[in-house]
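Where a number appears in this text, it was derived from the coordinates with a stated rule and is not lab data. Since we're looking at a predicted model, the values are computed, not measured.
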Amino acid sequence: MAIAGNISEKELYDAILAFDESEEAQDFYYKIMDTPTGRKNKSGSDETVRDRILKAYAMLFCEEAGLAPGEKAGVDEVADTADRLYIGSLGYDPQHWYRMKYHFPVIDEDNYDRFAALVLSDMNAGPLHDAALNDGETLVVGEADPLHMTAEQRKSQSVKSVSMTLGGQ
């Protein structure tokens, strides 16, 4: 499947996986992400592949963020959902927690769009796509996994207290 022109989602997926080891992969990734899609953003600017990916990510995974259709996921929305995406069945195996499996210890301004692009390209052309077709394993949004969060992420998570009344009060 082509995402813009003749660039395939598989090529994008491969470039993201090789991003940390190869300047060529980094250059290719940035070239793809900055490619115009031929559509316009609500602001009237030309939509890029990056914009398109962040809009799709927002629609698929950021329901709790209250983004309107066509709005892009930002750093906070991607970071908030990254620890909640797991493959197949919920468990403590870090290979099932998507962010851990692909070694994104922190989601920040430098890599949130790359994480979103990885998730979507994997769903459409990577092993996750193949697993969904062959093994029935899909990407699921669940509860955050504190065992695999960084200390910073555990400190910044929002926790709500719940009190139980006793004796019918």
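Listed values, structure above:
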read-out: Amide H contacts of Thr48 (H built 1.01 Å from N, under 5 Å, at least 5 apart or other chain); value: Thr37
read-out: Karplus-derived HN-Hα couplings along the range 34-46 (A = 6.51, B = -1.76, C = 1.60, θ = phi - 60°), whole Hz, x at Gly and Pro; value: 8, 6, x, 8, x, 10, 10, 6, 4, 6, x, 6, 5
read-out: Calculated from backbone phi, Karplus (6.51, -1.76, 1.60) coupling profile of the range 52-66 in Hz, x at Gly/Pro; value: 4, 5, 5, 5, 5, 4, 4, 5, 7, 10, 10, 4, 6, 6, x
read-out: Built amide H within the under 5 Å cut-off of Leu85, gap 5+; value: Tyr98, Arg99, Gly142
read-out: Hz values of 3J(HN,Hα) by residue in the range 108-118 - Karplus curve (6.51, -1.76, 1.60), Gly and Pro given as x; value: 9, 4, 7, 9, 4, 6, 5, 5, 4, 5, 4
